[in-house]
Every structure is written in C-alpha cells, then in structure tokens.
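S.K.: Quick one: the structure is below, and I'll ask about it shortly.
The values are calculated or read from the model by the stated rules, or taken from the named source; none is laboratory data. Small disclaimer: the values here were computed from a predicted structure and weren't measured. Backbone-built Cβ (ideal geometry, glycine too); neighbour counts: all protein chains shown.
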Amino acid sequence: MAQKRDYFEILGVERNASEEEIKKSYRKLAMQFHPDRNPGNREAEESFKEAAEAYEVLCDPEKRDIYTRYGHEGLSGVGYRGFSGFEDIFSSFGDIFGDVFGFSTGRSRSRTGAMAGADLRYDLRVSFMDAALGATTEIHLQKYVLCSSCRGSGCAPGTSTQVCSRCQGRGQVTQSSGFFSISSTCPLCKGQGGVITDPCPECSGGGKVRTAKTVQLKIPAGVETGSRLRLRGEGEEGQHGGPNGDLYVFIEVEEHELFERSGNDIFCRVPITFTQAALGGSVEAPTLTGVEKIKIPRGTQTGRIFRLKGKGIANLRGYGRGDEVIETVVTVPTNLTKKQEELLREFDKLSG
C-alpha cells in the first residue's frame, strides 16, 4: 500500500497555517482538479480526492490536533479512514463546498431528504480539583427537538408538502458556465423537493421546537482549559430520519489557591519556620488527595525543591500521572518576644 502524503504538503501550506489559508489553498486545488473539469482524468481525480481528504482533516480542530501529534497512524487509531470515492466525499461533507465556494452541492442530504441535526457548543467552567481528579456533573441547555404535533414535517395536521415548482421535486438546480456545471441546493425548497403551503401552528413550519434539556457529563481526570469533550447524539435532532448532531463541551478550569499546573505536574509552595529550616524536621504538604509529610533536612533554604512522584494529575490519555513539585519558603518571624529577641542576639553573637 502506497504511503500517504503529508496533508500540509498536499495543500501547500505551513504546519501553523490559519484556517483561512487552508481554505484558500483547498479552493484553488478543488477548482483545478474537480472531476467536472477533468472528465476521464484519473490523476486529476486522485488529486481531487487527496486534497479533499487533507482539507477535511486540517479544517477540523480535533482531527488536525491528532494528525499534527501522531500523523496518519493517529487518525487511523481513532477510526478515521479517509474517503473511498466521490460519493463518499460529497455525502460525508458536501457542506464543505458551501463553506469554501459559497454554495452547496446538495449531496450532503440523502435522497430521502434526511438531514443531520446541528452540532451544539457548551462552555463549562470547572474547578481545579474536578479537572484534576475527574467528576460527574449536569449541564443544562436549550436545543431544538422535533415538533410533537407534526413529527418534524412542518405541515399542519392532515396536510402535506407540495412538489417544488422551481426544481420539480429534485431538490437541486443546475448552473452551467462553459464546461463547468454545478448542481446546487434549490433556493425555493432548500433541497427538500417540496414546499409547505399550510405550516404547523406549533412550530410555524420549522418542524422543530426549542426545549430545555439536562445532560449528564462525565469530566475525565486530566482535562485542562481548552479541552473539548464530545457527546455524540446530544446535539439537535435530525429531520426525516437523519442522525442527531453532537454536543461539544469546551472546558475552562478555574485557578486554585494552592496549586499551579504545568502539563501533568502540579506545583505548590510550603512555608517552613526559621528553626525548621535550620534544625530540620518534617512538615505536612497538601496534595490533591489530602496531606503528606515531607522530611526537611537541616539547613534547608528558601527555594529548595521536593518532588512527590505520582502525586500530580492523571494523563488524559490514561498513561500514568505527573508529579507534585514542592518549593519551600522560609518564613521570618515579624513579632518577637523579648526572650526570643535575646536568644537570637545570643545566637548571632555565637555565630560571629
């Protein structure tokens, strides 16, 4: 099997390219290698599929992150297999053409009129400890569901849609410019092939109504600000048998009064007294799951580092835990009794 080319190389962009740069490059390649402009040209077909696959990955933040970190093998590991042919391209993400060229091919909708539900975004603020240890919470959102009165048809009870006069029920209209023909969604029926003449009074013909929904969310240990959790099927409901959309939860982690995070390690500062620093001893240090005693050697200075192995944050992908790094801070007494002051002066005298 031939080794796949690098997606950034296919589109001719740098690895830090912006979404607009990726879109611009793909637009140029898609116009150049589109099968309608190169009938019977197998090399152009392969270049078109190659460019489409590269764009499909690099325009998706989640797929792009996996590909940048782990390459083609990483995408294979999460089930991504690319496209098998043109129908796969157009049916899987036909909306890309509306995104890039400003129109839709209409192929993303099935011949039965099925439409996938919209994806939803939810921004969730979580505590430092919930992010570090994991938690289960409820999120409350508003989303559209199928109208119970018309069951998603948009038509008033006892009525049905009428064949669209613009596209004659095909759902698409064709525009030609020389040798380049483009089929786009019918602007009158929006690709449905029919129009509603008597809309449902409950949903005003939209087929959906807005409702409140509570969703149980499991926050995995190790999430951080910017992490994105995907709940399949928890987006808006599909229409005419189409699948539900997904719900994407974007995480923002609150700061903690004691701990700071760097990767999977956590840092904290532990104060020790002047005498503990000089004579040694032990102190209790806070951890994510309680307190742990650490031994302070004689002569410990401010800034000395102690490391507690495996006391940090769990790796989000399930590979071990980070460490807890403790920095000592020697505290200097500010209010001395007369006796304490006399003893310190004596100590100072003995110290020369």
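S.K.: Residues of the stretch 1-44 being free of Cβ contacts under 8 Å to residues at least 24 places away in the same chain, farther than 22 Å from residue 74 by Cα and not hydrophobic (A, V, I, L, M, F, W, C), which ones?
M.R.: 20, 21, 24, 25, 28, 32, 38, 39, 40, 41, 42, 43, listed by residue number.
S.K.: What tally of residues in the stretch 256-293 results from selecting those that are part of a strand (DSSP E or B) and in contact (Cβ under 8 Å) with a residue 60 or more places away in the chain? Before you say what the answer is, go through the steps one by one.
M.R.: First, pick out the residues of the stretch 256-293 that are part of a strand (DSSP E or B): 260-262, 265-272, 281-287, 290-293.
With in contact (Cβ under 8 Å) with a residue 60 or more places away in the chain added as a condition, the list becomes 261, 265-267, 269, 271.
Number of matching residues: 6.
S.K.: May I ask you to say which residue of 174, 137 is touching a Leu at 6+ places or on another chain (Cβ under 6 Å) and not in a loop (DSSP other than H, G, I, E, B)? Please lay out each step first, then the result.
M.R.: Details: 174 fails: touching a Leu at 6+ places or on another chain (Cβ under 6 Å).
When all the criteria are applied, what remains is 137.
S.K.: Here is a follow-up. Only one of 69, 15, 27, 64 is closer than 30 Å to residue 121 by Cα and modelled with pLDDT under 85; which? Give the steps one after another, and end with the answer.
M.R.: Values: 15 fails: modelled with pLDDT under 85; 27 fails: modelled with pLDDT under 85; 64 fails: modelled with pLDDT under 85.
That would be 69, the only listed residue that is closer than 30 Å to residue 121 by Cα and modelled with pLDDT under 85.
S.K.: Give 312, 242 a once-over and let me know the one that is touching a strand residue (DSSP E or B) at 6+ places or on another chain (Cβ under 9 Å), closer than 30 Å to residue 155 by Cα and in contact (Cβ under 8 Å) with a residue 12 or more places away in the chain.
M.R.: 242
S.K.: Let me ask something additional. How about the stretch 13-26: which of its residues are part of a loop (DSSP other than H, G, I, E, B) and surrounded by 15 or more Cβ atoms within 10 Å (Cβ to Cβ)?
M.R.: Within the stretch 13-26, the subset part of a loop (DSSP other than H, G, I, E, B) is 13-18.
Within the stretch 13-26, 13, 17 meet the criteria.
S.K.: Taking the stretch 72-86 as the search range and keeping residues that are under 18 Å from the mean Cα position of the chain (by Cα) and buried (at least 16 other Cβ atoms within 10 Å of the Cβ), which one is modelled with the highest pLDDT?
M.R.: 75
S.K.: For residue 167, work out the one condition from (1) of a type in the set (A, V, I, L, M, F, W, C); (2) loosely packed, with under 13 Cβ neighbours inside 10 Å; (3) within 30 Å of residue 32 (Cβ to Cβ) it doesn't fulfil.
M.R.: The single condition residue 167 does not satisfy is (2).
S.K.: While we're on this one: For the stretch 320-334, which positions are in a loop (DSSP other than H, G, I, E, B) and farther than 19 Å from residue 289 by Cα?
M.R.: Just the residues of the stretch 320-334 that are in a loop (DSSP other than H, G, I, E, B), to begin with: 320, 322-323, 331-334.
331, 332, 333, 334 - these are the residues of the stretch 320-334 that are in a loop (DSSP other than H, G, I, E, B) and farther than 19 Å from residue 289 by Cα.
S.K.: Considering only the stretch 41-69, state which residues are under 26 Å from residue 226 (Cβ atoms) and either among the aliphatic types (A, V, I, L, M) or within 12 Å of the chain's Cα centre (by Cα) (or both).
M.R.: 54, 57, 58, 60, 61, 62, 63, 64, 65, 66
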